[in-house]
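*Asks:* Let me begin by handing over the structure; questions about it come next.
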Amino acid sequence: QSKPLILRLGATNPTGGSYYAQVEGRSPIYLVSGVAKDVLDASLHALRDKTVLAFTPAEVQEVQLARGTDAPVVVQRQAEDTWRLTAPVSAKADDQQVRAMIQRLHDVKVQAFLAEDATDLESYGLQTPAWHVSLNIGQDHMLLTLSLGKVDSERKGVYAKRGDAARVFLLPQELWDNLPKTAMALRDKTLMKYERENITRLEI
């Protein structure tokens, strides 16, 4: 069985528009069009798993949200897929808001992979993340964490990383824009709950 040919791509040609390339095990060095590298980069991105957090929404038992160094906002699952705020206050949560937030975290995909082993987290705003979320999953209480840093308005994304991993990637800015970031945003704001068909008299 023949061995696969491995193509190495190096630095750009100083005149621009092309890259140095070499077939592994062979001495000649070639110049290849920059278009070739763009195609290869696009193919690699297409092949990579772009899942951010792998979990089943129905198995989430608790969500913790922390803005910067603030104390976290905590919501916990109750019976029949309802939710309750347990910190910084104890109150009924807005079930629809919590479910929508969890679904967004489940559905979001990596927009671009930026650094596999980032050493300068400060440049991404991830040394002290602007926003941090932890999901407590299942009966085994598996913990999934995601940190969000600076928003890149030009690329319409937000820098992010998982847990203690050093890989930094870009997520769609709409995730940042639509996630609730305060206890008030997640609190149930219903004044009174009742079934309309049970009302027999209304006084104002």
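The values are calculated or read from the model by the stated rules, or taken from the named source; none is laboratory data. Since we're looking at a predicted model, the values are computed, not measured. What goes into the accessible areas is simple: the full protein's heavy atoms, side chains included, and nothing from ligands, DNA or RNA. Shrake-Rupley method; radii C 1.70, N 1.55, O 1.52, S 1.80 Å.
*Asks:* What full-extension length gain, to one decimal in nm, is calculated for MET184 and ALA71 as 0.36 nm per residue of separation minus the Cα-Cα distance? Don't skip to the end; give the middle numbers.
*Replies:* On the way: separation 113, 0.36 × 113 = 40.68 nm, distance 1.42 nm.
Working it through step by step, the gained length comes to 39.3 nm.
*Asks:* Cα-Cα over 24 Å: which of LYS92/LYS181; LYS109/LYS189; LYS161/LYS189? Show your work: numbers first, answer last.
*Replies:* Working: LYS92/LYS181 17 Å; LYS109/LYS189 31 Å; LYS161/LYS189 32 Å.
Pairs exceeding the cut-off: LYS109/LYS189; LYS161/LYS189.
*Asks:* Leaving out ligands, DNA and RNA but keeping every protein chain, what accessible area does LEU40 have, in Å² rounded to the nearest 10, with a 1.4 Å probe?
*Replies:* 80 Å²
*Asks:* With a 1.4 Å probe and all protein chains in place, put ASP140, ASP49, ASP95 in order of accessible area, largest first. Walk me through the intermediate numbers first.
*Replies:* On the way: ASP140 140, ASP49 115, ASP95 25 Å².
So, going from the largest accessible area down, we get ASP140, ASP49, ASP95.
*Asks:* Something else about it: Roughly how many Å² is the accessible area per residue of the stretch 118-166, as a whole number, for a 1.4 Å probe? Let's see the in-between values first.
*Replies:* Working: 2670 Å² over 49 residues.
Heavy-atom SASA per residue in the stretch 118-166 reads 55 Å².
*Asks:* Here are some values of Cα Rg over 2.2 N^0.38 Å: (i) 0.96; (ii) 1.19; (iii) 1.43. Which one was computed from this structure?
*Replies:* (iii)
*Asks:* Shifting gears a bit: For the chain, what's the relative contact order in percent, using C-alpha pairs closer than 8 Å and at least 6 residues apart?
*Replies:* Details: 342 pairs, mean separation 34.9, N = 204.
Rounded, it is 17 percent for the chain.
*Asks:* Run the 1.4 Å probe and let me know the accessible area of SER153, rounded to the nearest 10 Å².
*Replies:* Per-residue accessible area (SER153): approximately 90 Å².
*Asks:* Counting heavy atoms of the protein chains only and a 1.4 Å probe, report the per residue accessible area for the stretch 1-112 as a whole number of Å².
*Replies:* Values: 7140 Å² over 112 residues.
Value for the stretch 1-112: 64 Å² per residue.
*Asks:* Angle between the Cα long axis of helix 95-107 and the longest principal axis of the chain, 0 to 90 degrees, nearest 10?
*Replies:* 10 degrees
*Asks:* Okay, next question. Taking amide H positions as placed 1.01 Å from N in the peptide plane, with prolines and chain starts having none, which residues 5 or more places from LEU114, or on another chain, fall under 5 Å of its amide H?
*Replies:* VAL168, PHE169, LEU170
*Asks:* Next question, about the same structure. Give the angle, between 0 and 90 degrees and rounded to the nearest 10, that separates the Cα long axis of helix 34-47 from the longest principal axis of the Cα atoms of the chain.
*Replies:* It is inclined by approximately 40 degrees.
*Asks:* For LYS50, give me every one of the aspartates and glutamates with a C-alpha distance below 14 angstrom, ignoring sequence neighbours fewer than eight places off in its own chain.
*Replies:* Result set, ordered by chain and number: ASP107, GLU116.
*Asks:* If you roll a 1.4 Å probe over the chain with all protein chains in place, what percent of the accessible area is carbon or sulfur? Working shown, then result.
*Replies:* Working: 6740 of 13250 Å².
The C+S portion of the solvent-accessible surface of the chain is 51 percent.
*Asks:* Hey, what do the phi angles of the stretch 80-86 turn into as Karplus ³J(HN,Hα) couplings, whole Hz, using 6.51/-1.76/1.60 and θ = phi - 60°, x for Gly and Pro?
*Replies:* These are the phi-based 3J(HN,Hα) values: 6, 6, 9, 10, 9, 6, 10 Hz.
*Asks:* If I ignore ligands, DNA and RNA and count only protein heavy atoms, how much of ARG167 is accessible to a 1.4 Å probe, in Å² to the nearest 10?
*Replies:* Surface open to solvent at ARG167 totals about 80 Å².
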